[in-house]
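Notes to accompany the following structure.
What follows is calculated from the coordinates using simple rules that are stated; it is not laboratory data. Quick caveat, the model's predicted, so the values are computed rather than measured. Here the Cβ is made from the backbone with ideal geometry for all residues, glycine too, and neighbour counts use every protein chain on show.
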Amino acid sequence: MAFQKERVGAVEIDEAWVGKVIKKENLDTSRIISAPNGAATMRVTYGARNAHGEPIAVTGLVTLPKGNAPAEGWPVLSWAHGTTGIARQSAPSLAIDTHPDHEAFTMVVETYLQVWLEKGFAVIQPDYEGLGTMGNGTYMDRHSLAASVNDMVRATRDEFSFADTWYNTGWSQGGFAAVAAASAEDVPSGLVKTLAIAPGDTFVPTTEVSSEQAHAMIAGVDEKNLAYSAFVMQGAMNFNATIKADDFLNDAGKSVLDYASGVCLTTFKSENKITGKEILKENPQLEPLLEHLLANSMVNMHPKTPVVIFSSKDDEIINYEQISVAAKQLQANDGTNVTFEVRMGEGHRDMVRRAIKDQTPFVPELQEAPLAGVNNDQS
């Protein structure tokens, strides 16, 4: 059965391929810098859904542990990556030999993913909509991110005979994606726990922000951290046609978004010279954008399985006040089991470096020796 349909700007697929692996490619484990060192790493294309619920092709990475799998199959660690951008080349699965964001990838692999792999977990990593394939990234759209995570769990479980057990984790944008995945209506069976590391959120205090308040909110954003705002705005416009740049951005702001559409995070941070105070019109019309952001926020999510959020008051990327309000509302939502772990003195990357230590009390498998079937002496 052919999987691909003709569609301009994206790879639309037949409905039957959603939650299935369409193709896979063995990668040289010594060259893929975004994956831990295991028995094998593959780049897979699988069926998921975009922000509108339409079936599309998404890519990602699968890394298998060394040794023999347990009789029930390898359990799974699903890793949702932090912000890399909204362009195709931002995908972690394309990080062969090098990548603009290689330092972040290496840090995550060495301090976090490798540990889970050596505990006997297969590690899977979705790229997200528009990353690694044709199409436009929607960045913090909770439905698109949830589909990328959950459909990859289903697809790889079927393709590789993985166990039913899986942990759901991610950092920054990926922490948000992990909570969104746990809150979806079609969460794959066997989800034990969601572990969100320094997640961002789209929570906004009101949908009636005056122009003065809007300018104040973004005026303090420097040229490096403007990347995140640019990805949020462009990602929202890629999804919602009622959000128009001309309603709230001046020419400098529109040029920033154009640039953000085609580069990775690290490139943007090193090259952009425009600050937040330079991008808005005098009287920006922000209502459609703010309504979109509020609709995607954690405050509207309802995970049915336990969630632990790890956040730092001193995170230089994530606004602690914003995420703490969102997390507390998430805790208050009916039927949720949410723990909010707060740290002090830790930067954004520090929260990944200490994540194994932080998560071990919540994950019995991290407290134990490698799972049965793992042979660390095998090459």
Taking amide H positions as placed 1.01 Å from N in the peptide plane, with prolines and chain starts having none, which residues 5 or more places from residue 249, or on another chain, fall under 5 Å of its amide H? 281
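State, as an integer percentage, the relative contact order of region 26-82 based on alpha-carbon contacts under 8 Å between residues 6 or more apart.
Across region 26-82, relative contact order equals 29 percent.
If you place +1 on the Cβ of every Lys and Arg, -1 on the Cβ of every Asp and Glu, and leave all else neutral, what size is the dipole of the chain about its Cα centre, to the nearest 20 Debye?
Dipole about the Cα centre, nearest 20: 580 debye.
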If I fit a long axis through the Cα atoms of helix 251-260 and take the longest principal axis of the Cα atoms of the chain, what angle between them do I get, 0 to 90°, rounded to 10? 10
Over the chain, with a Gaussian network built from C-alpha contacts below 10 Å, which listed residue (253, 137, 345) shows the highest mean-square fluctuation? 345
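Could you work out [θ]222 nm for the chain from helices alone, using -39500 (n - 2.57) per DSSP H run of at least four and dividing by all its residues? Round to the nearest 500 deg cm²/dmol.
One gets -8500 deg cm²/dmol as the mean residue ellipticity at 222 nm.
In Å, what Kirkwood hydrodynamic radius results for the chain from the alpha-carbon pair distances?
20.8
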What angle do you read, to the nearest 10 degrees and between 0 and 90, between the alpha-carbon axis of helix 226-239 and the longest principal axis of the chain? 90
In a Gaussian network model of the chain with springs linking alpha carbons closer than 10 Å, the residue among 75, 364, 288 that fluctuates most is 364
Given 10 Å bins starting at zero, what is the percent of C-alpha pairs of region 23-164 in each, up to the one with the largest pair distance? 13, 46, 34, 7, 0
Listed by chain and number, the residues whose amide H is under 5 Å from that of residue 66, excluding neighbours fewer than 5 places away on the same chain and using placed H, are 39
Straight-distance crosslink candidates among aspartates and glutamates, where the alpha carbon sits under 14 Å from residue 66 and sequence neighbours closer than 8 are dropped: 118, 377
For residue 164 and residue 304, FRET efficiency with R0 = 22 Å and r from the beta-carbon atoms, rounded to 0.05? 0.85
Between 331, 367, 234, where does the largest GNM mean-square fluctuation fall for the chain, given springs only between Cα atoms within less than 10 Å? 367
With just the Cα atoms defining each centre, how far is region 87-152 from region 258-321? Give it in Å. 19
Hey, what's the Kirkwood Rh for region 211-294 if you take every pair of different alpha carbons, in angstrom? 12.7
Acute angle (nearest 10 degrees) that the helix 142-160 long axis makes with the longest principal axis of the chain, alpha-carbon atoms: 10
So, with +1 on the Cβ of K and R and -1 on the Cβ of D and E, and no other charges, what is the size of the charge dipole of region 211-294 about its Cα centre, to the nearest 20 debye? 240
